[in-house]
Structure formats: C-alpha cells, structure tokens
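Step one of this worksheet: look at the structure below.
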Amino acid sequence: MLARMKLCVITIWTFLDPIYYAFTRLTYVEDSEILRVKVTKYKGRSCVLADGTEIKKNDLLIKIHLHNVILLRELLGMKGETSKARLIYKQVKQALPGVANYLHNHPKKNEIKGLVGITALNKGSKRLGFESITISNKFYLWFKLIVFLPMYCMAVSTISGQSIRRHPMYLFMSKHTLFELYR
C-alpha cells in the first residue's frame with residue numbers, strides 16, 4: 001500500500017517537475033541526470049572554508065540541486081538506508097566532473113567562488129570534498145525542514161526519531177577544491 005502511494009506521488013511529481021524546472025532557471029550538467037545547477041548570490045552568513053576561501057553575502061556560487069524525482073524513482077525499489085546512501089554518493093560523485101566543466105566554461109567563472117547546496121543528506125559529503133555548515137537563520141532552517149519533510153518521507157524506508165532530527169545544512173565546496181578533485 002505504502003509503495004503504491006509513493007509510486008503515485010512520484011508519478012505526479014514527474015509531471016510537475018518540468019514546470020518547476022522552467023521557473024527555477026536550473027541547468028543540467030553534462031553526463032548527469034541527477035544534478036542540476038544555477039548561478040546564484042549567496043544570502044547566508046559569512047564563512048571561511050578549509051582552503052581559506054571566504055564566502056560572504058552576495059558572492060556568486062553555483063547552487064547544486066539533486067534531481068529528486070529521478071533519485072526517488074531509483075531509490076523506490078531499494079532496501080536499506082546504507083544501500084540508498086551509497087547510490088546517492090556514487091551518483092553525485094559521477095556528476096561532479098560535469099559541474100567542474102560547467103564552472104570552467106561559465107562566462108563568470110572568475111567571479112564564482114564555488115558550490116553550495118542545502119541537504120539533510122550530508123553524511124559522506126566530506127569524502128566528496130564538501131564542507132557542512134549549519135544554517136544559522138532559524139526561519140530559513142524551519143522552512144527547509146518543512147520543504148524537505150515530504151521528500152525525506154519518500155526516501156526512507158522507516159522513519160526513526162534519529163532520522164527526523166537530521167537538519168538541513170549548507171554544503172560548500174570551493175572552486176579550487178572542485179577543480180583539484182574533479183577537473
């Protein structure tokens with residue numbers, strides 16, 4: 001019953017996604033269906049990444065978006081959270097060279113400082129080269145929690161108190177790190 005309901009939601013989401021895509025100015029990266037990107041001005045608090053890159057308000061970053069409906073379709077038949085996490089990790093790792101090429105070929109590549117994403121699926125992100133930073137604006141954090149909840153419920157097999165407490169976080173990667181690891 002639950003699997004049928006999830007499949008129904010994914011089917012509806014599949015039809016609505018092109019409308020979302022049209023309004024968000026997202027771009028697919030080469031050789032990847034799982035990541036979509038757009039250049040954006042950062043609006044969070046200032047932070048300094050491990051390589052010394054300083055990210056400040058209004059800096060240009062490439063915002064990465066997981067293509068959730070494709071991801072959820074692939075996760076639907078999988079059992080176990082570890083297997084699901086491995087699939088997401090593998091797909092993102094395979095997509096990052098395309099993101100590096102996108103940035104390298106972008107007309108504003110000299111102004112863009114790196115990547116930013118927002119996710120509660122941040123386990124293993126450090127091995128990909130990302131740095132996790134907490135979202136300091138409580139209103140924005142709660143907004144993201146509410147937005148992510150339906151998606152999260154679709155992705156997990158069972159919801160435990162511990163899994164619900166995973167808060168969305170910023171994931172950053174400097175341009176230097178991206179090029180060093182994936183170009």
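The values are calculated or read from the model by the stated rules, or taken from the named source; none is laboratory data. Everything numeric in this text was worked out from a predicted model, so none of it was measured. Here the Cβ positions follow ideal geometry from the backbone for every residue, glycine too, while neighbour counts run over all protein chains shown. Ligands, DNA and RNA are excluded from the accessible area calculation, which covers all protein heavy atoms including side chains. Shrake-Rupley method; radii C 1.70, N 1.55, O 1.52, S 1.80 Å.
Compared with the alpha-carbon gap, the fully stretched path from Leu149 to Arg4 is longer by 50.3 nm at 0.36 nm per residue.
Each residue of the stretch 121-134 was assigned a 3J(HN,Hα) from its phi angle through the Karplus expression (A = 6.51, B = -1.76, C = 1.60, θ = phi - 60°), giving 8, 9, 5, x, 5, 5, 5, 7, x, 8, 10, 8, 9, 5 Hz with x at Gly and Pro. Equivalent ellipsoid of the stretch 17-116: semi-axes from √(5λ) of the C-alpha gyration tensor, largest first, are 26, 17, 13 Å.
Could you run the Karplus curve 6.51 cos²θ - 1.76 cosθ + 1.60 with θ = phi - 60° over the stretch 50-67 and give me ³J(HN,Hα) per residue in whole Hz, x for Gly and Pro? After applying 6.51 cos²θ - 1.76 cosθ + 1.60, I find 4, 8, x, 5, 9, 10, 10, 3, 6, 5, 7, 9, 8, 8, 9, 10, 6, 7 Hz. Net charge dipole, the stretch 13-75: roughly 480 debye, given to the nearest 20, about the Cα centre with Cβ charges of +1 for Lys and Arg and -1 for Asp and Glu. Full extension of the segment from Thr40 to Asn58, taken as 0.36 nm per residue of separation minus the current Cα-Cα distance, would add 5.6 nm. Modelled spin-label separation between Lys109 and Ile70, with each label point placed 7 Å from Cα along the Cα-to-Cβ direction: 2.3 nm. Qualifying GluC sites (Glu not before Pro) in the stretch 1-58, where qualification requires a DSSP coil assignment and no more than 13 other C-beta atoms within 10 Å, comprise Glu30, Glu33. The calculated FRET efficiency for the pair Tyr28 and Tyr89, based on their C-beta separation and a Förster distance of 22 Å, comes to about 0.65.
The loop-placed trypsin sites (Lys or Arg not before Pro) in the stretch 1-83, going by DSSP, that have at most 14 neighbouring Cβ atoms within 10 Å of their Cβ come out as Arg25, Lys43, Arg45, Lys56, Lys57, Lys79. Note on the chain: with charges restricted to the Cβ of Lys and Arg (+1) and Asp and Glu (-1), its dipole about the Cα centre is near 380 debye. For the chain, complete DSSP H runs whose alpha carbons reach 20 Å or more along their own long axis and whose mean Kyte-Doolittle score is 0.0 or higher are 2-24, 138-155.
In terms of overall dimensions, the C-alpha atoms belonging to the chain reach 51, 33, 30 Å along their principal axes, ordered largest to smallest. Per-residue accessible area (protein heavy atoms, 1.4 Å probe) orders Leu87, Leu49 as Leu87, Leu49, starting from the largest. Largest first, the residues His167, His67 sort by 1.4 Å accessible area into His167, His67. Cα centroids of the stretch 51-104 and the stretch 9-38: 13 Å apart. A simple spin-label model places the labels of Ile12 and Asn101 3.7 nm from each other, with each point 7 Å out along Cα-to-Cβ.
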